[in-house]
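S.K.: Shown below is the structure under consideration.
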Amino acid sequence: MKKYLAEFLGTFMLVFLGTGTVVVAKGGTLTIGLAFGLAITIMAYAVGGISGGNFNPGVSIAMMINKRLEVKDGIFYIIAQALGSIVASAILYVYVHALELPNDGFGQTDFPNISAAQAFGVETLITFLFVFVILMVTSEKYGNAQMAPVAIGITLAFLIIVALNLTGGSLNAARSLGPAIFAGGSALSHYWVYLLAPTLGAVIAAFVAKFMGSEEKYRVE
């Protein structure tokens with residue numbers, strides 16, 4: 001249960017800090033990107049030693065494909081991540097109303113300026129890059145356990161900065177779930193993009209990273 005609670009708390013922090021920066025703090029692009037990135041870094045150091053610090057269904061799927069995570073644990077990780085996102089958005093809902101902010105403002109991801117196909121491509125690409133980095137910097141042969149959370153957080157921050165005005169920069173089906181539920185409208189009807197595209201990107205990353213040697217064992221020559 002500790003592992004699942006760690007995934008719940010990590011995803012909760014990601015959504016609460018990240019979307020809270022969007023909605024309550026009214027942060028700019030750089031601030032928003034850093035809020036999400038630093039949330040991942042903080043929680044990876046805090047509870048990554050317990051669960052591995054996935055905080056993202058795509059990451060858990062990639063870990064299952066590459067046999068770093070058992071399927072049973074992976075399924076419960078994804079459930080915990082979804083619940084973390086929903087609970088974070090539920091708490092944010094209270095403060096959105098307390099501050100009399102717009103009812104549809106929950107830091108939700110959407111793509112008002114591009115087509116669904118273009119949004120799908122963006123989310124697939126950025127999730128692929130993100131998960132590929134995660135798999136390589138946490139690998140036994142090429143990774144660096146001490147610096148991995150920093151590399152992962154920085155990567156997430158800048159991928160979000162690039163994609164923010166295109167798709168909102170999700171890279172994470174759980175991150176988009178809670179805000180979409182409470183915002184409703186097109187964010188909810190477009191959720192399929194944020195469910196399928198990050199999953200596809202993560203699956204591709206799992207195979208590419210494995211090809212690049214992410215699952216090779218370190219050997220002393």
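S.K.: Pop a pseudo-label 7 angstrom from the Cα along the beta-carbon direction at both A145 and V87 and give the gap in nm to one decimal.
M.R.: Distance between the two pseudo-spin positions: 2.8 nm.
S.K.: From the P(r) of the range 44-174, can you give the percent of Cα pairs sitting at distances over 23 Å?
M.R.: Within the range 44-174, distances greater than 23 Å cover 41 percent of Cα pairs.
S.K.: Whole angstrom only: what separates the Cα centroid of the range 1-70 from the Cα centroid of the range 134-148?
M.R.: 17 Å
S.K.: If you don't mind, another one. With springs only between Cα atoms under 10 Å apart, run a GNM on the chain and tell me which of Y95, Y77, Y191 wobbles the most.
M.R.: With Cα springs under 10 Å in the chain, the top fluctuation among Y95, Y77, Y191 is at Y95.
S.K.: Which value in nm describes the separation of the simple spin-label points at Y95 and L30, placed 7 Å from the Cα toward the beta carbon?
M.R.: Inter-label distance under the simple model: 2.3 nm.
S.K.: Using r as the Cβ-Cβ distance of K217 and L166, and R0 as 45 Å, what FRET efficiency do you calculate, to the nearest 0.05?
M.R.: On the way: r = 39 Å, r/R0 = 0.86.
Efficiency, rounded to the nearest 0.05: 0.70.
S.K.: Here's something else I'd like to know. Going by alpha carbons, how many degrees (0 to 90, nearest 10) lie between the helix axis of 191-211 and the longest principal axis of the chain?
M.R.: Roughly 20 degrees between the two axes.
S.K.: In the range 96-123, whose amide N lies under 13 Å from the spot 7 Å out along Cα-to-Cβ of W192? List them in ranges.
M.R.: 116-117, 120
S.K.: Rank F130, F182 by accessible area, highest first, at a 1.4 Å probe radius? Before the final figure, lay out the partial values.
M.R.: Details: F130 10, F182 60 Å².
From most accessible down to least: F182, F130.
S.K.: Further, regarding this structure: Measure nothing fancy, just the Cα-based angle from helix 2-23's long axis to the longest principal axis of the chain, in degrees from 0 to 90, nearest 10.
M.R.: With both axes taken from Cα atoms, the answer is about 40 degrees.
S.K.: To the nearest 10 square angstrom, what accessible area does E140 show with a 1.4 Å probe?
M.R.: Approximately 110 Å² for this residue.
S.K.: Is it possible to state the helix-based mean residue ellipticity at 222 nm for the chain, with each DSSP H run of 4+ residues giving -39500 (n - 2.57), the sum divided by total residues, to the nearest 500 deg cm²/dmol? What is it? Could you put the intermediate results ahead of the total?
M.R.: Values: 9 runs with 161 residues, N = 221.
It lands at -24500 deg cm²/dmol.
S.K.: Right, another one. Just want to confirm a number: the relative contact order over the chain, from Cα pairs under 8 angstrom separated by 6+ residues, in percent.
M.R.: It comes to 30 percent, rounded to a whole number.
S.K.: GNM, the chain, Cα, under 10 Å: largest mean-square fluctuation among A187, A163, A25?
M.R.: Comparing A187, A163, A25 in the GNM, the peak value goes to A25.
S.K.: With N set to the residue count of the range 1-64, report its C-alpha Rg divided by 2.2 N^0.38 Å to two decimal places.
M.R.: 1.15
S.K.: Using 7 Å Cα-to-Cβ label points, what is the N103/I79 separation (nm, one decimal)?
M.R.: Taking the two extended label points, one gets 3.3 nm.
S.K.: Select from S176, S115, S60 the residue whose mean-square fluctuation is largest in a Gaussian network model of the chain (Cα-Cα springs shorter than 10 Å).
M.R.: In this elastic network of the chain, the residue with the biggest mean-square fluctuation among S176, S115, S60 is S115.
S.K.: Relative to the first principal axis of the alpha-carbon coordinates of the chain, what is the inclination of helix 173-183, with its axis defined by its Cα atoms, in degrees from 0 to 90 and to the nearest 10?
M.R.: Helix 173-183 sits roughly 10 degrees off the main axis of the chain.
The values are calculated or read from the model by the stated rules, or taken from the named source; none is laboratory data. As the structure is a computational prediction, the values presented were derived from the model and not from experiment. FYI the Cβ positions are ideal-geometry reconstructions off the backbone, even for glycines, and counts take in every protein chain you see. Surface accessibility is based on the protein's heavy atoms, side chains included, excluding ligands, DNA and RNA. Shrake-Rupley method; radii C 1.70, N 1.55, O 1.52, S 1.80 Å.
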